[in-house]
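Below: one structure, written as structure tokens.
The values are calculated or read from the model by the stated rules, or taken from the named source; none is laboratory data. Because the structure is predicted, anything quoted here is derived from the model rather than measured. Cβ: placed from backbone, ideal geometry, glycine included. Neighbour counts: every protein chain shown. Accessible surface areas use protein heavy atoms only, side chains included; no ligands, DNA or RNA. Shrake-Rupley method; radii C 1.70, N 1.55, O 1.52, S 1.80 Å.
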Amino acid sequence: MIFIKKIRAGRTMTESILTRRQALAGLAGLLAYFSLWAALPAALAASFPLDVVEGIYWGHEWQWGYYKHPPLSSWLLYVFFRCFGALGPYLLGQLCVALALWLTWRLGRRVLEPPQAALGSALLLAVFYYTLPSLEFNHNLAQLPVWAGFLWAFHVALTERNPAFWLLLGALAGLGLMVKYSVAVLLAAAGLFMLATPARRLLRTPGPWLALAAAALVFSPHALWLAQHDWLPFVYAHERALEAGHGGERGSALNFLGAQAASHAPLALLALLARARLRWPAAGGADSRPRRAREDLLFVWFMGLAPALLLTLAGLALGVGLHDQWGMPMWGLSGLMLASLLPRDPQALARQGRRLLAGLAVWLAALTAAMAALLAWGAQWRGKPSRMDWPQAALAQAVQAQWQALSRCPLDSVSGDGWLSGLAASALPGPPSVMVEDDPAYSPWMNARRVQRCGSLMLWPGGGKTPSAPLLEEARGLAVREGQWQLPWGKLPGREPLRVRWRAYIPPACLKQD
């Protein structure tokens, strides 16, 4: 009998070692995956994506807000750009995804069995939003770890009743609103959860009100900026929402919901191919769960589905257009929801988990190869450039050489077309500021005195309409020179060169003699 027990103990130890080895191999694979997704775009892309370009020139100015968005995302992007150069934006994007997975795992350890938690967090990489969109760091991507951290802190605050976690929850809410206002949808879902479940009794305790005070404190500097700048981001968001309708704004809300379902197609296909046996836990029987486990399951499913449903209902009720990408941070619990439907039996869970993880590994390897191929040869396949195929280095070199030929002073700002000026500025030393076209309120870091003292270089597409630049048009005594460049498309050698018009506004003290 003792001999049999020793054999069983040896098997258990061996199984434990194998599990540990598999876990270490999985972590090494994830590290390699995230490293490739940071390094390959930096090496293969000819230019930054649009949102990265905007974020860099906003973050360069260190404002408490910008005309489209709150400031935190742009600050982080600019710091990573300055520290790591071209690698920075892509590294930051993958860190956001990795941090979101880790925080989801932390929550999963609280609401599910440990194997389900690990599996559920890893399966997030089968949701489309966590893969290709992560190449373009923007406010949607920056929300991923904020939502994941908020959900973890929310569950801890609800179950442990520790005032410190309510303060942490409020701080995360405030930081989330400093990333993007759509975090308000998450806060609304959390409030609805408290009202619709027995958690409402906590409203009679100091915790939720401490969280509210902490959120208000963190958000207050940006709130002051909003009041001082005529609520510019809300005006922008309203105009953007009106443009988003597809054959009617209410139809846009339904399209949004369809796009969220489509983003889960890889996850659904993975579950199908892995022959995952999904079942909602019964109220009784072998797979029944104690009350606390059922409450945890309710938390996962309610908070996993409510934000997207609330936003869709708001779009239908208010008749505002919804952009598909607004749903990007809303699905941090999708993997845990799937994992919660797997059998709790250890052997059955292990079999299905291995198949799901094997399928996930194949999916990520194929997607990584596809990503690299698209960055390297996508322009040739499409016959036209994407935002990551523009000749950014050649444009920046042309700007630098032209300004140095005309002026003895450093280039202080680039203006005109937002895409071209931002693209050039983010590849120039300094970098120079960007003056957004049309409305001076969009560039509060620029003013007439600065323009008069330092000048600017305006860029716009050849053949296009000359941009409106009120501060430049009102300047007096600046020398004006203009011309045109023709820049080759590095990834499309047979394409007609990119024509860029330029106009230099040079202070007399800086002007070199012609």
Tell me, what HN-Hα J-couplings in whole Hz come from the Karplus equation 6.51 cos²θ - 1.76 cosθ + 1.60 at θ = phi - 60° for each residue of segment 122-138, using x for Gly and Pro?
5, 5, 4, 6, 9, 8, 3, 4, 8, 10, 4, x, 6, 6, 10, 5, 8
Using only protein heavy atoms and a 1.4 Å probe, report how much of C83 is accessible, in Å² to the nearest 10.
90 Å²
If you project the alpha carbons of segment 62-115 onto their three principal axes, what span does each projection cover, largest first, in Å?
44, 25, 13
Phi-derived 3J(HN,Hα) across segment 377-394 with the Karplus relation (6.51, -1.76, 1.60, θ = phi - 60°), rounded Hz, x for Gly and Pro, is 10, x, 4, 5, 5, 7, x, 7, x, 8, 4, 9, 10, 7, x, 5, 5, 5
For the chain, list the cysteines whose Cβ sits under 4.7 Å from no other cysteine Cβ?
C83, C96, C454
Could you work out how far helix 72-84 tilts from the main Cα principal axis of the chain, as a 0 to 90 degree angle to the nearest 10?
80 degrees
Å² of accessible area per residue within the chain, as computed with a 1.4 Å probe and no ligands counted:
46 Å²
Local electrostatic count at W381 - Lys and Arg +1, Asp and Glu -1, tallied over other residues with Cβ under 13 Å:
+2
Mean residue ellipticity (222 nm) of the chain, computed from DSSP H runs ≥ 4 via -39,500 (n - 2.57), nearest 500
-20500 deg cm²/dmol
Toy charge model, Lys and Arg Cβ at +1, Asp and Glu Cβ at -1: segment 333-391 dipole around Cα centroid in debye, rounded to 20, equals 80 debye
What is the angle, in °, between the Cα long axis of helix 2-44 and the longest principal axis of the Cα atoms in the chain? Nearest 10 is fine, range 0 to 90.
10 degrees
Of E295, E136, E496, ordered by accessible area with the largest first and a 1.4 Å probe, the sequence is E496, E295, E136
Using only alpha carbon pairs under 8 Å that are at least six residues apart, calculate the relative contact order of the chain and give it in whole percent.
16 percent
Nearest 10 degrees, 0 to 90: helix 50-59 Cα axis against the chain principal axis:
80 degrees
Please give me the summed charge of the neighbours of G207: other residues whose Cβ is under 14 Å from its Cβ, Lys and Arg +1, Asp and Glu -1.
+3
When only C-alpha pairs under 8 Å and at least 6 residues apart count, what is the relative contact order of segment 393-439, in percent?
40 percent
Cut-off under 5 Å, modelled amide H: who pairs with V434 long-range
V414
